[in-house]
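To start, the structure itself, in structure tokens.
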Amino acid sequence: MAVKSLEIKDKEVREKFKEIERFIGSEHKLNDNQGMLMGVLHKTQEVFGYLPAEAMDLVSDRLGIPTAHIYGMATFYNYFTLKPRAKYQVFMCKGTACYVAGGGRVLEKLQETLKIGLGEVTPDKMFGLNITRCLGCCGLSPVMQVNEDIYVRMGPEKVNAILDKYRKKETKKRKVSK
Amino acid sequence: MPHKIILVKDTGAVENKGVDFNTMLANQLRDSGAAEKASIVPVADIGVYDKGLVLRILPDNVTYSNVREADIKKIIEQTVLAGKIIEELSHDGRDKQLRIVLKNCGLVDPDSIDDYIRAGGYQGLRKALLELKSQDKVIEELKKSGLRGRGGAGFPTWMKWSTAKNQKTDQKYMICNGDEGDPGAYMDRSVLEGDPHAVVEGMIIAGYAIGASKGYLYIRAEYPLAVKRIEKALEDAREYGLLGENILESGFTYEMEIRLGAGAFVCGEETALIASVEGKRGTPKPRPPFPAVKGLWDKPSIINNVETLAAVPQILSNGGDWLAKIGTATSKGTKVFAITGKIKNSGLVEVPMGITLREIVFEVAGGLLNPEKKIKAVQTGGPSGGVIPKDFLDTPVDYENLGKLGSIMGSGGMIVIDETDCMVDLAKFYLGFCVDESCGKCAPCRIGGYQMLQLLNKISNGEGELADLDKLKRIAYAMQKASLCGLGQTAANPVLSTLKYFEDEYKAHIVNKKCPAGKCKYLLMYKIGEDKCKRCGVCVKNCPTQAISGNREKGFTIDQVKCIKCGNCTEVCKFEAVAKE
């Protein structure tokens, strides 16, 4: 079913849809429409933070590619996600160096503390937990990433203090906004 | 006399009581009348640690460590001016590293095309387009150099190029494979971020040699800085007339753009990478036809790894024979390794082919992290490679030798393993990665990998039987023979090579139900040693399952039924009284 951006009531979402449409308009064709798909999906994820079903319908309509194929792409590649992201996305490196240095125990501690599994988000949408396969800081392993911040030489004992830092940041923000 | 460059790493400024070596060096250079003949470049890292002030003099490639104020005059007069090496200051004689691909990394500003040109950049392209003026001659230089693909398989680069060059068609494509997925290897990232123009120049030369008019750089989306740097490099190259129409007035027209990957290890495989650029799921296709004949959008396409392409400009500017002098009979040039694990100096090293593993581990990388532990093996080639036990450490590193030992060169991951690492656990880790990353198209890889992982889990949980080892081998051979692409064909390598060299360890898990390295937690038993226990009770407080009982008079014991083997008690005990068995 084709999606018309004008039919969407939420103003913010409508703007986002328009941005994607503009991007598709500005991209040059790469052999065929399908060649553009990867770039368009990257843009969509950048705009929404994830790939919502409606956005995939929109891309399908504009590029003339079945949504089923787009869904197939979205689920094949690790980089794309169908779920909204948490405010703070925690990535524990599970590359070889971090593994040998004991990254597995940090991951266990994270799961235990946040009470969520891999690929899940805490009920308050604060933290999400994922693994990554190498951040390229093997000399400082084990490595953990929270959004843009990198934490090196991790150990299970450091987990709580780091998570608290972000919790405090949020509490402060809330106080200010009140 | 060639212009000398003195690299200075001065992390000990505080220990040197604030003495500024850079100024002192500059003053001494002036006093010795050498100010014009050498330049001083302060750098962040030379790869020598805990050795005070470190100097490296190029192009001599000699490194001096623990340099003191009194030595400066001697160094400038003897080494910089007379080219002599001062033995007593020299750090391990001449450095065993030889930097070709990483030559510019950390030394030139990656965002400045002028810097790259000053360092001799784009001379290879100039030579190809304006001196050799022939696709065949460029390929001939590559043939002379003996350069082989650095992405893993080691296929001769010139042969690939020549196949594509001979295709008669209106359109050909050149693709750079920057989808570095091997966990623990990051040389492509370092080159893309540290010396983007070398890759761009290599791509233009390759495009010219095969007759392509369009090049794609396929880069992992996880490397945003690499993408940014390459974008800037392409922009600058275009501005300087090195990219676009009529490059260097030679009549050759070539464009390039970036395509982003999206986190799929299998996309490092040529046909899967092509599918990904075409906007499809990254699943491989049966070969032949090879991409050099029928690749991207069914046109002849050449895919080369970042490291391979970064070596191309220097092969052209220095001539193929130059590279052929470095390395062994079958493997020429240098290879970058990302060395990590239980090693003192983790990081990237670039060494000539033919160097032994022992030299890399104990000389270049400074030996084991904990010198009291013994080295057990070195794992090379990432999830597609195998382990090389310590008895073979003196093997010269090249494609053939590593292959004979059941491992591969691969993209250059190198993990040092000591006696506290369990081989079953390691095999499980790598296989788990391949199972995660299998695209699911062909059954041997999809099902075989999963079944092998189940068997390994069974063994590390203490439920293994001896017959499982045969089953593992049978599935592994089936995967090697029947899988569609390199991922499936090599996914079993870590299991096969650990089985080959460390079968005893597997048997200890199966027969004795013990993990000799103390890693597999279901086979461990935590016990409190009465002689060391001070009866403080800290372990009781930290046990999440209340498995530790007793009191301060009688001492404490662990209830093995309740124990979940989390290891908290060992960690909190200050007297090392809780032992793993």
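The values are calculated or read from the model by the stated rules, or taken from the named source; none is laboratory data. Everything quoted here is computed from the prediction, not taken from an experiment. Glycine also receives a Cβ, built like all others from the backbone with ideal geometry; neighbour counts cover every protein chain displayed. Side chains are part of the model used for accessible areas, which takes the heavy atoms of the whole protein and leaves out ligands, DNA and RNA. Shrake-Rupley method; radii C 1.70, N 1.55, O 1.52, S 1.80 Å.
Which loop-located GluC sites (Glu not before Pro) does region B:495-554 contain, where loop means any DSSP state but H, G, I, E or B and the Cβ has at most 10 other Cβ atoms within 10 Å?
Counting only loop positions with at most 10 other Cβ atoms within 10 Å, the GluC sites (Glu not before Pro) in region B:495-554 are B:Glu553.
For the pair B:Asp391/A:Thr171, report the inter-label distance in nm, with labels modelled 7 Å from Cα in the Cβ direction.
Going from the B:Asp391 label point to the A:Thr171 one covers 6.0 nm.
Could you compute the FRET efficiency for A:His28 and B:Ala329, with r as their C-beta to C-beta distance and R0 at 45 Å, rounded to 0.05?
According to the calculation, E is roughly 0.40.
Please compute the per residue accessible area over chain B with all protein chains in place, 1.4 Å probe, rounded to a whole number of Å².
Details: 24080 Å² over 581 residues.
Roughly 41 Å² per residue, with all protein chains present.
Just want to confirm a number: the relative contact order over region B:525-580, from Cα pairs under 8 angstrom separated by 6+ residues, in percent.
Numbers: 88 pairs, mean separation 26.9, N = 56.
So the answer I get is 48 percent.
Let's test the formula: R0 of 22 Å, r as the Cβ-Cβ distance of B:Thr420 and B:Leu466. What FRET efficiency results, to the nearest 0.05?
On the way: r = 26 Å, r/R0 = 1.17.
Here the calculated transfer efficiency is 0.30.
Which loop GluC sites (Glu not before Pro) in region B:232-330, with loop taken from DSSP, have no more than 15 other Cβ atoms within 10 angstrom of their Cβ? Display every interim value, and only then the final one.
Values: sites: B:Glu235, B:Glu239, B:Glu245, B:Glu249, B:Glu255, B:Glu257, B:Glu269, B:Glu270, B:Glu278, B:Glu307; in loops: B:Glu249, B:Glu269, B:Glu278.
Those that pass, being in a loop and sparsely packed, are B:Glu249.
With only alpha-carbon atoms in the gyration tensor, what are the semi-axes of the equivalent ellipsoid for the protein assembly as shown, in Å, largest first?
Values: eigenvalues 352, 272, 159 Å².
Each semi-axis is √(5λ); the values are 42, 37, 28 Å.
Could you please state how large a percent of the accessible area of the protein assembly as shown is carbon and sulfur, counting protein chains only and using a 1.4 Å probe?
51
If you scale each eigenvalue of the Cα gyration tensor by 5 and take the root, what three semi-axes come out for region A:1-160, rounded to whole angstrom and sorted largest first?
36, 18, 12
Restricting to DSSP H runs of at least four residues, report the calculated mean residue ellipticity at 222 nm for the protein assembly as shown, -39500 (n - 2.57) per run over all residues, nearest 500 deg cm²/dmol.
Values: 27 runs with 283 residues, N = 759.
After summing the helix terms and dividing by the residues of the protein assembly as shown, the value is -11000 deg cm²/dmol.
Taking H placed 1.01 Å from N in the peptide plane, check which residues at least 5 places from B:Asn305 or on another chain put their amide H under 5 Å from its amide H.
Distant-sequence amide H within range of B:Asn305: B:Arg150, B:Gly151, B:Asn177.
Can you pull the one-decimal nm distance between simple spin-label points at A:Asn147 and A:Ala53, each 7 Å off the Cα toward Cβ?
Taking the simple label geometry, A:Asn147 and A:Ala53 are separated by 3.0 nm.
Quick one: angle between helix A:103-114 and the longest Cα principal axis of chain A, in degrees between 0 and 90, rounded to 10, please.
With rounding to tens, the tilt is 80 degrees.
Restricting to the protein assembly as shown, compute how many DSSP beta bridges are antiparallel as a %, nearest 5.
About 60 percent, rounded to the nearest 5.
Across the residues of A:98-104, average count of Cβ atoms on other protein chains within 10 Å?
5
Return, in residue-number order, each cysteine of chain A whose C-beta is not under 4.7 Å from any other cysteine's C-beta.
Cys with no partner Cβ under 4.7 Å: A:Cys134, A:Cys137, A:Cys138.
For chain B, what does the relative contact order come out to in percent, with C-alpha contacts under 8 Å and a separation of six or more?
The normalised contact order for chain B reaches 11 percent.
Between their Cα atoms, which of A:Lys94/A:Lys169; A:Lys158/B:Lys580; B:Lys519/B:Lys565 are more than 21 Å away from each other? Mind showing how you got there, number by number?
Details: A:Lys94/A:Lys169 27 Å; A:Lys158/B:Lys580 24 Å; B:Lys519/B:Lys565 11 Å.
Beyond 21 Å between Cα atoms: A:Lys94/A:Lys169; A:Lys158/B:Lys580.
If you project the alpha carbons of region B:423-510 onto their three principal axes, what span does each projection cover, largest first, in Å?
That works out to 35, 20, 19 Å along the principal axes.
If one takes the longest principal axis of the Cα atoms in chain A, at what angle in degrees, from 0 to 90 and to the nearest 10, does the Cα axis of helix A:159-177 lie?
60
Once amide H atoms are built 1.01 Å from N in the peptide plane, which residues 5 or more positions from B:Ile343, or in another chain, come under 5 Å H to H?
The list, which skips near neighbours in sequence, is B:Leu369.
Anything in chain B that counts as a DSSP H helix reaching 20 Å or more along its axis (C-alpha) with Kyte-Doolittle mean of at least -1.0? List them, would you?
B:196-210, B:224-239, B:423-437, B:443-460, B:467-482
Past 26 Å, Cα to Cα, is the threshold; run A:Lys109/B:Lys374; B:Lys344/B:Lys532; A:Lys11/A:Lys115; B:Lys74/B:Lys96 against it and keep the listed order. Each step should come with its number before you reach the end.
Numbers: A:Lys109/B:Lys374 30 Å; B:Lys344/B:Lys532 31 Å; A:Lys11/A:Lys115 35 Å; B:Lys74/B:Lys96 24 Å.
Beyond 26 Å: A:Lys109/B:Lys374; B:Lys344/B:Lys532; A:Lys11/A:Lys115.
Would you mind computing the Rg to Rh ratio of chain B from its alpha-carbon coordinates, Kirkwood style for Rh?
Computed over Cα atoms, the ratio is 1.03.
Looking only at chain A, where both bridge partners belong to it, what percent of the DSSP beta bridges are antiparallel (to the nearest 5)?
About 55 percent, rounded to the nearest 5.
With unit charges on the beta carbon (Lys/Arg positive, Asp/Glu negative), name the residue among A:Val143, A:Ile116, A:Thr171 whose Cα is farthest towards the positive pole of the charge dipole of region A:108-178.
A:Thr171
Mind running the shape call on region B:204-307? Use the C-alpha gyration tensor, a ≥ b ≥ c as the square roots of the eigenvalues: rounded below 1.5 for a/c, prolate if a/b tops b/c, oblate otherwise.
oblate
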